[in-house]
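Each remark here refers to the structure printed beneath this line.
Read-outs throughout are calculated quantities, based only on the coordinates presented, and are distinct from any laboratory measurement. In this text, all values refer to a predicted model and were calculated from it rather than measured experimentally. Cβ atoms come from the backbone with ideal geometry, glycine included; neighbour counts cover every protein chain shown.
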Amino acid sequence: MKKSVSILLAGCMLVPMLGVFSGCSGKKADIILRVYNWEEYIDEGGEGTFIYDELHELDDKGKAVKDGAGNHVHIESDIVDDDYKAWYEDAMGVPLSEEGPAILDDFELWYEKHYGVKIKVEYSTFGTNEDMYNELLLGNEYDLLCPSDYMIMKLAAEGRLEKYDESFFDRENELNYYINNVSPFIQEKFETNAGLTGKDYSWSEYAAGYMWGTTGFVYNPEIVSEEELNELGWQAFVTKGDRYTNKITAKDNVRDTYFAALGVTFEEELLSLKERRESGELSDEEYMLELTRIFNDTTDGTIAKVEPVLQKIKENIYSFETDTGKADLVNGNVNLNYAWSGDAVYAMDMAEAENDKYLNYFVPLGGSNLWFDGWVMPKGVSERGTKQAAEAFVNFLSMPQNAMRNSYYIGYTSAIAGSEMEMLDYADYLYGYEPEDEEEEAKESVEYDLSWFFGGEAVITAEREQAERRQLYAQFPPEEVMARCAVMDYYGEEATVRINELWSRVKAETLDAWAIIVICLTVTGIALFVVYVKLGAKIDFFRRKPKKGYHKVEE
Amino acid sequence: MKLPRFSRKTLGIPYAVFLVFFVIIPMLVIVFYAFTTGVKDPETGAESFSFSFSNFLRFFSDPTKLSTIVYSLVIALVTTVCCLLIAYPVAYILARSRLKKKFVILMLFVLPMWINFVLRVNALREIFNLLSLAPALESLTSANYFKTIFGMVYDFLPFMILPLYTTIMKIDQSLYEASADLGGSALVTFTRVTLPLSMPGIMSGVTMVFLPSMTNYVVSDMLGNAKVTIIGKFIYEYFGNDWHMGSMVALVLLVVVFLSSWLSGGFKADENVRGTNL
């Protein structure tokens, strides 16, 4: 009886669980779009999002202020104004919620409204490009991925990607928000840079830009001056002394740190190239070609030159890190943090808000890295009939109003400029010079030119500090910085193996050959001895003879 | 109402299925990957496998990998010894004391286990930052090793205390009395009675600490600033782009671990193993 009761109870527990599972597929969608993106790489709605922050009065900590009755205080926003609200209502078919809607929900509304088809986005996230690649290799099906530059090239080279339809790049169709809003600079990079080094890793037809940036040093200007860094450049990694040794971080992944080590090794060459370009001896294209060649050099000779440099870097740095560097810099453990520009903006914001500390960002004069993440479609989207929806998703994210939301949430720079340069308003809103009191009025301001990104007269007035070394400089770099940033290609399969071997040699300690031999012999010796003791009792041959006068008793 | 009778055989089926799918098949997959290389068809992109010893040869001809195995072994060994030296007195005192609330004290030692591991390691990192270990000392590479081992000892200590405590608790009080009756001093009692009888606890504690501390690269990354590399980190990194080599490293580690547990079992008389070893 007891047994039957317990089985009955177990059954009762199972039933609601089944209900939950079936509940997921209760609302039938006509199309399911599987999107696989980085963690925290899309506006997820709620507090701290662009729309929420724009419509609520916030305190110093970014929390919404409450009035006496416990209600949030709403304010008028410059960007999320009546026009924006009208656009939203027109696009999604529902009025804009002040609580900050999530982009994915909005997409589902927008898609159904415009194409008359119910769509469901199945959204999942990854932590590294390699994780994403493994998932793909294991046969998981996705319709849209957001890998980084080199991974896009790798996937394209391996024939795992589907090209965007030609109609996607048709500027005449106004629903093609991507091509109509993407920054001409980014689009040109995609078209010309693909295959620049002569390798067949062309990616422009496979990818649509999402976020991009540079790499450089975030540093504490109270300890390390900008003049000093201009002088040192990449050498900061190997400079000895209290302020550098053990006070600088590098990235814990082979590609970024190999790139940095190339910078250290070939700094002189890089600087002379820059000079030759400035003197007019080299055209911009020739310069970029040379720069890209140096920063993508994986020949054996170069690896041999870079290896001792990497060892020196390892000795000199505080840590290899992926995300602890920001905190280490803010709380003063290190003075310099080699970082992606988006992280640099985050670190500067954090230092300012929490520690009242002002950090700066610096891109080495010899040249640095231009990186990007882009949307690509794996093979099979056509067969599954999701290609159109995937392209629509990219187009939806490329509407300037949505690009702002994502850029605000992520903190990185969107590849979108806006057909009417809407993103310039956003940059102006973030960094425009608007003195509110006398102290701020005294600050020096400059006319900051972003025409290179927007492809037309685009100037904002900004504080000089912002434009030359702080968030604005990191998020929307000046043209001369972009001129010296090269894309890091996929190394190719064979070179990747060699670079990874190099990385493991650098990361791990290698003992001398004799030490390894001695250790191996000792271990084998101990093992044999133990085997002897263990088996000795069981094998007759090893069995010791009884002492004189004793005899063995069989069990 | 008549219920079907569950025989031992039928009740065992779920476990057999579990073992097959989550132990045996994955193990075979690792062996398969370790002794094959992938060849990609340049046209279709499809991957085909061919049997090869190249990963094996590459592993054993690479001084870096062998050194890393040695380093990991040493780090694990030091961690285990430290854990044992700290845990044994604690377990001994707790087990033999007449304290009424000794359970509470034991719980306090074990309590950290219930808090998320990454959180604890992060907290430890912050404490080290606060102390900032005298700048001169900090610059030594050995500081990273020190912090890594400290973190591992901190992390694995409960795994050593618990088995030791339960084993020492179970030692019959009358054995101590007998030893004293026969004229054994406190030291002799400890070396001839307590220590041999607590061997099973030591063995299971050692197995529980030694094995994970060879591969726990989260500690070496966070506390050793990723400048300390142990074999687990290699496995992780290889699985980013070369599953075959990654499987080979994992397989070598498996063999090392198997051998060391088997050999350490060989040092003691069989009747002392209460099924706690391996």
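Worth a mention:
- Computed packing ranks the peptides A:116-126, A:61-71 as A:116-126, A:61-71, most packed first, by mean other Cβ atoms within 10 Å.
- Average beta-carbon neighbours from other chains, 10 Å sphere, peptide A:159-171: 1
- For the protein assembly as shown, the antiparallel share of DSSP beta bridges with both residues in that region comes to about 70%.
- Interchain or long-range residues, amide H under 5 Å from residue A:379's placed H: A:161, A:162
- Near residue A:58, the amide H atoms lying under 5 Å from its own belong to A:65; only residues 5 or more places off or on other chains count, and H is placed 1.01 Å from N.
- The order of B:227, A:113, going from fewest to most other C-beta atoms within 10 Å of their C-beta, is A:113, B:227.
- Of A:247/A:312; A:240/A:314; A:251/A:312; A:251/A:326; A:305/B:233, those spanning more than 19 Å from alpha-carbon to alpha-carbon: A:305/B:233
- Among the residues of A:502-509, the average count of other protein chain beta-carbon atoms within 10 Å of the residue beta-carbon is 6.
- Span-like helix ranges in chain A, DSSP H, alpha carbon extent 27 angstrom or more, Kyte mean at least 0.5: A:2-24, A:513-536
- Cβ-Cβ FRET estimate between residue B:53 and residue A:513, R0 fixed at 25 Å, reported to 0.05: 0.70
- Net dipole in debye of segment A:110-247 [+1 Lys, Arg Cβ; -1 Asp, Glu Cβ; about Cα centre; nearest 20]: 220 debye
- Spacing of the two label points (7 Å from each Cα toward its C-beta) at residue A:113 and residue A:173, in nm: 2.0 nm
- Cα gyration tensor, chain B - rounded (a/c under 1.5), prolate or oblate: oblate
- Unit charges on C-beta of K, R, D, E only; dipole of chain A, Debye: 5720 debye
- Here the sum of -39500 (n - 2.57) over DSSP H runs of 4 or more residues, divided by the residues of the protein assembly as shown, equals -16500 deg cm²/dmol at 222 nm, to the nearest 500.
- Close amide H partners of residue A:211, meaning residues 5 or more places away or on another chain with modelled amide H under 5 Å apart, are A:373, A:415.
- Counting Cβ atoms of other protein chains within 10 Å of each residue's Cβ and taking the mean over peptide B:61-70 gives 6.
- Site pair residue B:114 and residue A:122 shows an inter-label distance of 3.8 nm when each label is modelled 7 Å from Cα along Cα→Cβ.
- Kyte-Doolittle at least 1.0, axis length at least 30 Å by Cα - qualifying DSSP helices, chain B: B:63-96, B:243-265
- Inter-label distance for residue B:21 and residue A:379, nm, one decimal - labels placed 7 Å from Cα along Cα-to-Cβ: 3.0 nm
- Take each peptide in A:407-420, A:158-171, A:370-383, count the other Cβ atoms within 10 Å of every residue, and average; sorted highest first, the result is A:407-420, A:370-383, A:158-171.
- Protection proxy ranking, peptides B:52-65, A:443-456, average beta carbon neighbours within 10 Å, highest first: A:443-456, B:52-65
- Counting other Cβ atoms within 10 Å as a rough exposure proxy, the listed residues B:83, A:485, A:520 run A:520, A:485, B:83 from fewest neighbours to most.
- Dipole orientation for segment B:62-272: of the candidates B:159, B:206, B:143, B:159 has the Cα lying most toward the positive pole (charges on Cβ; Lys, Arg +1; Asp, Glu -1).
- Relative contact order for chain A, counting Cα pairs under 8 Å that sit 6 or more residues apart, in percent: 20 percent
- Think of the protein assembly as shown as a dipole: +1 on every Lys or Arg Cβ, -1 on every Asp or Glu Cβ, centred on the Cα centre; then among A:376, B:260, A:360, B:260 lies furthest on the positive end.
- Farthest toward positive dipole pole in segment A:81-205 [+1 Lys/Arg, -1 Asp/Glu at C-beta], among A:151, A:180, A:107: A:151
- Cα gyration tensor shape of chain A, rounded if a/c is under 1.5, else prolate or oblate by comparing a/b with b/c: oblate
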